[in-house]
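Below is one structure, written out as structure tokens, with a few remarks after it.
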Amino acid sequence: MTKQICIYTDGGTIRGMDFAAWAFVVPRANGSYFKRSGILKDCSNNGAEVMACGFSLNFVANHSIIRSLDEVLVFTDSPRPFDGLNGMLEHWESNGWRSKNKRKKGKYARTIRELSEKDYWIYLLKQKRLVESVGCAVTPVKVKSHSNNYWNDCADRIVKRELARHCQRIDAGRIDVWRYC
């Protein structure tokens, strides 16, 4: 029998703000859960999604439970970390952290550009390798966002709470922030 742990991750931001929130949830057998969350400065929504996955793998890698696991299931509603954990991380690393981008020049031409928020992807790959180094597989699972998946919605609520809490810490002189929180 395969011993698994399920982790639900999410990230989010508020349009026009220079910060993003991340969260991960680890459901327990008794119906309770373990959670972690935080704020990242100068970060996009994709960056927060990637870091939520990275921080969740870091949690597992540094927890004593890792020795008894065969597989870590990372549930995400974002296609970017899903693709990254599904083999693209290694591909981007071999390409010097560059990806192909279609740009219009007469006909569609492929151009190479540096991967955005490269440090976040490097961190995620490092954490994935750390978990795999003890013989534990990392398997991404795509979840449709806002589809009544209880644990994914739980991670989403935690992200929204983190964003609202951070908005309250911002200088009251920035009135425009309040209509988003």
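The values are calculated or read from the model by the stated rules, or taken from the named source; none is laboratory data. None of these values were measured; they are calculated from a predicted model. Neighbour counts are summed over all protein chains in view; Cβ atoms, including those assigned to glycine, are modelled from backbone coordinates with ideal geometry.
Among the residues that make up the stretch 89-103, is at least one of them within 20 Å of Gly135 (Cβ to Cβ) and surrounded by fewer than 18 Cβ atoms within 10 Å (Cβ to Cβ)?
Initial filter on the stretch 89-103 (within 20 Å of Gly135 (Cβ to Cβ)): 89-90.
Restricting the remaining residues to those that are surrounded by fewer than 18 Cβ atoms within 10 Å (Cβ to Cβ) gives 90.
Yes: the stretch 89-103 contains one or more residues that are within 20 Å of Gly135 (Cβ to Cβ) and surrounded by fewer than 18 Cβ atoms within 10 Å (Cβ to Cβ).
Looking at the stretch 3-19, is at least one residue of a type outside the set (D, E, K, R), surrounded by fewer than 22 Cβ atoms within 10 Å (Cβ to Cβ) and free of Cβ contacts under 8 Å to residues at least 40 places away in the same chain?
no
Among residues belonging to the stretch 112-150 that are among the polar types (S, T, N, Q) and surrounded by fewer than 11 Cβ atoms within 10 Å (Cβ to Cβ), point out the one that is modelled with the highest pLDDT.
In this case the residue turns out to be Ser133.
I need the full set of residues from the stretch 23-66 which are part of a loop (DSSP other than H, G, I, E, B) and crowded, with 19+ Cβ neighbours inside 10 Å, in order please.
Cys43
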